[in-house]
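Step one of this worksheet: look at the structure below.
The values are calculated or read from the model by the stated rules, or taken from the named source; none is laboratory data. Quick caveat: nothing in here was measured; it's all calculated off a predicted structure. Every residue, glycine among them, receives a Cβ derived from its backbone with ideal geometry; neighbour counts consider all protein chains shown. Quick note on the areas: whole protein, heavy atoms, side chains included, nothing else; ligands and nucleic acids left out. Shrake-Rupley method; radii C 1.70, N 1.55, O 1.52, S 1.80 Å.
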Amino acid sequence: MSTATHMHGRIGESIKRKEDARFLRGKGNYLDDFVLSNMLQMAILRSPHAHARIKSIDTSAAGSMPGVIAVVTGELMAQHKLAWMPTLSGDTQAVLATDKVRFQGQEVAAVIAETKYQAEDARDAIIVDYEVLPAVTSPDGAKSAGAPLIRDEKEGQKDNHIYHWESGNQATTQAAFATAHKVVRLHTFYPRCHPAPLETCGCIADVNSATGKATIYMTSQAPHAIRTVFALVTGLPEQQIRIISPDIGGGFGNKVPVYPGYVVATAASLLIGRPVKWVEDRNENLISTGFARDYHMTGDLAVDEKGKMLALRVHLDSDNGAFFADAQPSKFKAGLFHIVTGSYDIPTAHVTADGYYTNKAPGGVAYRCSFRVTEASYLIERLVTNAAIELGLDQAEFRKQNFIKPEQFPYTSATGWVYDSGDYPKAMDVALEKLGYAELLNDVERRRKQGEVTGIGIASFTEVVGAGHGADFDILGLRMFDSAELRVHPTGKALLRMGTKSQGQGHETTFAQIVTEELGIPAADIAVEEGDTDTAPYGLGTYASRSTPVAGAATAMVSRKLRDKARKIASHLLEAAEEDLEWEVGRFYVKGSPDRSKTIQEIAFAAYTNLPEGMEAGLEGVHYYDPPNMTYPFGTYAVVVDIDKGTGQVKVRRMVAVDDCGVRINPMIVEGQIHGGLTEGFGIAFMELITFDSDGNCIGSNFMDYLLPTAWETPRFEMGETVTPSPHHPLGAKGVGESATVGSPAAYVNAVIDALSPYGITNIDMPVGPDKVWAALRSKGVTE
Amino acid sequence: MFPAAFDYRAPASLDEALGLLAQQGDAAKVMAGGQSLIPLLKLRFAQPGMVVDIGRMRGLTGVSRNDGWITIGALTRHVDLERSYDLPGQLSMLPEAAHWIADPLVRNQGTIGGSICHADPSGDWGSVVLALGADLVARSANGERVIHAADFFQGPFTTALGPDEILTEIRVASSSKPAGGAYNKLERKVGDFATVAVAVQVELDGGKVSRAGIGLTSVGATNIKATEAEKSLVGREPNDAVIAEAARLAAAAAEPKTDVRGSAEFKRDVVRVFVQRGLKTALARAKEARV
Amino acid sequence: MKVSMKVNGAERSGDVEPRVLLVDFLRTNLAQTGTHIGCDTSSCGACTVLLDGEPVKSCTLLAVQVDGRSITTVEGLANGATLSPIQAGFHEEHGLQCGFCTPGMMLVGTALLERNPEPTEDEIRWAISGNICRCTGYMNIVKAIQHAAKAQAAAQAKVPEAVVVAGGE
Ligand SMILES: Cc1cc2nc3c(=O)[nH]c(=O)nc-3n(C[C@H](O)[C@H](O)[C@H](O)COP(=O)(O)OP(=O)(O)OC[C@H]3O[C@@H](n4cnc5c(N)ncnc54)[C@H](O)[C@@H]3O)c2cc1C
Ligand code: FES
Ligand code: FES
């Protein structure tokens, strides 16, 4: 009989997560849970000023306090050539300030003590004399004549400008604009926000004074890349560095960069000869580690009289903070921003970008985002809804009219991206159907007649994930492949090790399922390990939704390699030619006589006990996968809001989310990812904000000010899906971790704008708080 | 983030607590639920020599009625007021106000007395006691005194209490007339302090307002008693015009500042909207009130 | 200063400075690291424990303040290998991703069902509104608590069925 018996955990099955067992019992191993013997604690003193010259630092009182082992300053770091470090964007960043502080919260000194209470007590006793300088808090401020020079230590740096960058075709775009029937403009600001995973960042550096080996436990989304960066920065031989990324309490991009705390703790452990732990508190996390966005964008969309989009022109000013530390691996200064033509067949486009230094924290991480695609998606989706409103067209119809058609794939966009696959009208139709769009439009009409303020917002985003093909994507020259190493033990159980690092995405389950699918070993029999650079194969880590597209592909490929070997062994065991063997999940059988078969477990045993002459023993392998292209997930989100005229409060009545991320390996996990993204998108749209006063003081430096949505505010999501496989991914999967954060902010804001459109309101910048909505309504004379 | 070092005492009785305070003077800080004090200690904004934890003594909890007064013990937790389903109509505002304070976990630990003594102008109970026209009873080693709510709040985080005094109870004269209240709060999310909140209390006598109380949250250096607005209601039949006038006067009494939560104009207007809404609800509640 | 309390049913004591927060006492002195720290401003609920059965923030309590009282942490939820209905609900409904908020969420859920065995969705959302989750969007946390409510109701009706998630640590 050749009908497959049910194999637990194949692709498409929502099996429960393997990793839950420890988390449910409070037995996860997060960084702060580790206690090494003889371990010291570190606390960092940070600048209270946004911009100031350091005149002196007096550590004498702090140094003699109980339990204090050492007080480290920039001067000491400089003696070891570690006062500055390289960033992922080719700039330098201060580890501990030596000359000036350039943002509030910048690292100035560190205390190492026996307990964390003692470390904090002594930190308070360090006296720093500052000469306060005027602060720059926006690109406009950075450009203005007489603006203070922030990076005066940089040779050749005469102003606060970092880069100018362009994409697309200026001439054809200009020509198209000249013939346009209508040009719709949107000037909008995507404000600074922060990934704020519930667990903050931290490390334990343990440099063995006998062997010199540095073992560093670190909340890192990319342990291997960090190891290489550490080797380059510190000069330590790479085999002497071991990064261990334990369980991570959420990352969302925050845990990609190297932070000064890691470098100082490592240096301190090296100098003192004891393990040093540093765990930042929430305030430190919000004021100093990787922020996201902070793009000031102007988009012009040219449309003809029939409503056909002709051309897109975009300029953005990027606020990069004091050091250009965008955590992104492309050659493009503004990351993947030039995917800004989105889901639309726009013949020509031109994008220009300028980056500026300001007296704000560095970062520019991809907060649940694929390197600036979020800003791009937000801009185009807002622009399209605004254009529909301005042209008097239905926003869904206008989108459909201009979508890239299913038959146009693979599609090359005006800025040169090759979209792998898509069926945008279908996702839109599923969303409209779920929403009951036609009926809803009538309902909106009715309510508006009764004086209610209500509206519908749509966003049909296209994401670009799975960085990436090595030709375009690298970190310090490291091509953005990823890896999987699979060992099948004699008893048929397996160990899968990957170069990625889960932060809650359920890799231990999803990747086991890929092996199940490809090799027929039940998911329960496969252990998945990540995060230890001494044991895992080299990989670039988990961010930008790249794990499934890249490491998932590597897992499929390595499984197939093992299956090829298994076929040879089966042929030997069954005494049948390889071509005469048929594979069905979990076993090989002889064509025509399905009873003559060998299971993968039997084959695994034979791989160690009964091999064909001359074959290497064992059943294991490794695969490094360099993807031929990115994948392009997409979807349509639709939101209905009601607005309280008296208070400006926005209530999301409905949120429909239709995602297409290709083949879903574990649909339950995929949906969970989308729920999370829709919620972070909701937070960004309505409450998350890091802002600064004119002196550069950070507002949004704790969870009383940096607002995260609770279960009470968060909408209830109505989910839908379509499946358009990726043609180039071995499993047809596309990656999904970020679609919802990329696509949803525009949907939420579009709903607000639609609700306010009868009053002629076309823009409110995020976060859309009640005060802004009230002010917009009031400006048009609307009140309770 | 950790507090600087301090001594800690947990007196078993009020007298013992008052004795400690008398001895320690300014150096000691009373702690009830700790839900405002401990965050301040962690930020090291407060660095007292001694914390006197009154949260572990017995008594000073619950709502009781006697001698013409309704009395709320200072150590009554927010959650207990939130779940007081059997309060007289006169106190219908209490569960509603409690419901919107902080979040469920903080409400399980924080107390009404602690909140009033903390005197955060963004605190909710301050407006409630102002609107109710409550009396605050303070004890020290030297005896007891009664402070009218209207005299209690002196500035941001500053009250009429001396360092040796403990607030023991909040009391309200019971009324035999139909009365009702409402608490409206605009917050950005659960756990956020009010952008604006308004406490409204009315008492009716034969279709006319016989007493009115309006307290404003987060729109000044203290919780504000909107006296002019209250006066405008008394003796009047509360029709739409009267309500609108009271709302206008209350908005005029607000002294909001522009900040991340919004502009001063915005907050002032929300006061107006909330007084209007609150009065309508409070009147409806008064009409069907249990006395 | 001496302090003693019941933690997950066992009498535990220690000698701490008065300023030591309950969360540090649990994590450092008692090595019970299931209780987490997510913020400095009493805003996130990662540190939630049950104090005499009611959820509170252990980062906003002094260890000495709960002297003589009874604390339940996530480590006290399961009965040996058998998960509590709430834990099983979180597993079945995918109510956790990174797991960092999960101990707090499960403790709040446990206390809620104790007080209100059949909560509505609104009641569940309100009860967990002091706890932040950055990963799940709360949808599946709500379902997990509903799952537990149903399981408990069913268990009342018949003999309980053990739910075991393999693995452990
Ligand atoms: C995240 C968070 C959100 C919050 N949101 C709100 C909100 O929306 N609205 C709101 O109103 N509050 C809010 N609060 C504050 C909360 O209500 C506190 O519980 C309350 O303000 C203080 O009560 P407590 O019993 O905890 O007092 P404690 O913190 O113990 O004490 C506060 C102050 O009052 C003094 N004190 C306490 N009791 C007495 C007494 N009986 N006699 C004399 N002095 C005394 C103390 O010395 C201290 O100065 C929030 C708190 C947190 C942590
Ligand atoms: S750690 Fe965030 S509330 Fe306790
Ligand atoms: S599961 Fe990650 S914070 Fe909730």
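Between A:Asn208 and A:Ser64, the C-beta separation translates, for a Förster distance of 30 Å, into a calculated FRET efficiency of about 0.55.
Each eigenvalue of the Cα gyration tensor of region B:7-53, multiplied by 5 and square-rooted, gives one semi-axis; in descending order these are 19, 12, 7 Å.
Within the accessible area of region C:85-156, the carbon and sulfur atoms contribute 49%, probe 1.4 Å, all protein chains present.
Our estimate of slack between A:Arg53 and A:Ser37, defined as 0.36 nm per intervening residue step minus the Cα-Cα distance, is 1.8 nm. At a Cβ-Cβ separation cutoff of 4.7 angstrom, cysteine residues of the protein assembly as shown with no neighbouring cysteine are A:Cys193, A:Cys201, A:Cys203, A:Cys369, A:Cys661, A:Cys698, B:Cys117, C:Cys98, C:Cys135. Loop-resident GluC sites (Glu not before Pro) (DSSP state other than H, G, I, E or B) in region A:148-214 with no more than 12 further Cβ atoms inside 10 Å of their Cβ: A:Glu155.
Put a plus charge on the Cβ of each Lys and Arg, a minus charge on the Cβ of each Asp and Glu, and nothing anywhere else: the dipole of region C:2-76 about its Cα centre is then about 20 debye. For region A:560-622, the list of GluC sites (Glu not before Pro) that fall in a loop by DSSP and count at most 14 other C-beta atoms within 10 angstrom reads A:Glu575, A:Glu613, A:Glu616. Spacing of the modelled spin labels on C:Gln156 and A:Thr609, each 7 Å from Cα toward Cβ, amounts to 5.4 nm.
In terms of overall dimensions, the C-alpha atoms belonging to region A:374-523 reach 72, 35, 30 Å along their principal axes, ordered largest to smallest.
The Cα atoms of chain C define a convex hull whose projected area, averaged across directions, is 9.7 nm². Accessible area ranking (1.4 Å probe, heavy atoms, ligands and nucleic acids excluded), largest first, for A:Asp159, A:Asp765, B:Asp124: A:Asp159, A:Asp765, B:Asp124. Taking all Cα pairs closer than 8 Å and separated by 6 or more residues, the relative contact order of chain A comes to 16 percent. For the residues of A:249-257, the average number of beta carbons from a partner chain within 10 Å of their own beta carbon is 3. The value given for region A:514-590 is a Kirkwood hydrodynamic radius of 14.2 Å, derived from the mean inverse Cα-Cα separation.
Running Debye on region B:180-285 with equal point scatterers at the Cα sites and no solvent, what base-10 log of I(q)/I(0) appears at q = 0.23, 0.24 Å⁻¹? Scattering profile of region B:180-285, log10 relative to I(0): -1.15, -1.23.
Beyond 15 Å, what share of the Cα-Cα pairs of region C:2-76 remains, rounded to the nearest whole percent? Result: 46 percent of Cα pairs exceed 15 Å.
Our helix-only sum for chain A, with -39,500 (n - 2.57) per DSSP H run of n ≥ 4 divided by its residues, gives a mean residue ellipticity at 222 nm of -8500 deg cm²/dmol. Counting only other chain Cβ atoms within 10 Å of each residue's Cβ, the peptide A:697-705 averages 4. To the nearest 10, the accessible area of B:Leu87 is 20 Å² with a 1.4 Å probe. For region A:425-503, the Cα gyration tensor yields ellipsoid semi-axes of 50, 20, 12 Å (square root of five times each eigenvalue, largest first, whole Å).
Computed from Cα atoms alone, the Kirkwood hydrodynamic radius reported for region A:229-286 is 13.1 Å. Pairs spanning more than 32 Å between alpha-carbon atoms, out of A:Lys405/B:Lys189; A:Lys493/A:Lys734; A:Lys100/A:Lys333: A:Lys405/B:Lys189. Measuring only protein heavy atoms, the 1.4 Å probe finds A:Ser64 accessible over about 90 Å². Compared with the direct C-alpha span, the chain from A:Ser144 to A:Leu391 gains 85.3 nm at full extension, assuming 0.36 nm per residue. Local charge for A:Ala268 was computed over the other residues whose Cβ lies under 12 Å away, with Lys and Arg +1 and Asp and Glu -1, and equals +1. Which percent of the accessible heavy-atom area of chain B goes to carbon and sulfur, probe 1.4 angstrom? C and S atoms contribute 47 percent here.
Here region A:1-110 yields Rg over Rh of 1.29, to two decimals, using C-alpha coordinates and the Kirkwood radius. Taking every residue in A:110-119 and counting other chain Cβ atoms within 10 Å of its Cβ, the average works out to 2.
Under the criterion of Cα pairs below 8 Å and six or more residues apart, the relative contact order for region A:659-784 equals 37 percent. Ranked from largest, the principal axis spans of the Cα set of region B:1-125 equal 45, 32, 22 Å.
Scanning chain B for chymotrypsin sites (Phe, Trp or Tyr not before Pro) that sit in a DSSP loop and have at most 12 other Cβ atoms within 10 Å, the longest stretch containing none of them is B:86-291. For region A:370-462, a Kirkwood radius taken over Cα pairs fed into Stokes-Einstein (4 °C, viscosity 1.567 mPa s) yields D = 87 µm²/s.
Find, to one decimal place in angstroms, the Kirkwood hydrodynamic radius of region A:206-353, where the mean of 1/r is taken over every pair of different Cα atoms and then inverted. One decimal place: 18.6 Å for the Kirkwood radius.
If contacts are Cα pairs under 8 angstrom and at least 6 residues apart, what is the relative contact order of chain C in percent? Result for chain C is 23 percent. A Förster radius of 45 Å combined with the Cβ-Cβ distance from B:Asp15 to B:Arg236 puts the calculated FRET efficiency at roughly 0.40. Result for chain B in a Gaussian network model with C-alpha springs under 10 Å: among B:Pro121, B:Pro104, B:Pro256, the largest mean-square fluctuation is at B:Pro104. Within straight-line reach of B:Lys267, meaning a Cα separation under 13 Å, sit the following aspartates and glutamates at least 8 residues removed in sequence or on another chain: A:Asp771, B:Glu187, B:Glu255, B:Asp259. Once the Cα atoms are used to define both axes, helix B:264-287 deviates from the longest principal axis of chain B by about 80 degrees.
Please report, to two decimal places, log10 I(q)/I(0) for region B:63-173 at q = 0.19, 0.24 Å⁻¹ as given by the Debye formula with identical point scatterers on the Cα atoms and no solvent. Ignoring solvent entirely, the Cα scatterers give -0.97, -1.51. Ordered by 1.4 Å accessible area with all protein chains kept, A:Thr783, A:Thr266, A:Thr491 run largest first as A:Thr491, A:Thr783, A:Thr266. Among the trypsin sites (Lys or Arg not before Pro) in region B:40-122, those placed in a DSSP loop whose Cβ has at most 10 other Cβ atoms within 10 Å are B:Arg58. Measuring heavy-atom accessible area with a 1.4 angstrom probe and counting protein chains only, the residues of region C:99-113 that give up at least 30 Å² relative to the chain alone are C:Phe100.
In the assembled protein chains, A:Met719 presents an accessible area of approximately 40 Å² (probe radius 1.4 Å). At q = 0.07, 0.11 Å⁻¹, what log₁₀ I(q)/I(0) does a Debye calculation on the Cα points of chain A give, no solvent, two decimals? Log10 of I(q)/I(0), two decimals: -0.54, -1.22.
Approximating the spin labels as points 7 Å out from Cα along Cα→Cβ, the A:Lys651-to-B:Ala264 distance works out to 3.2 nm.
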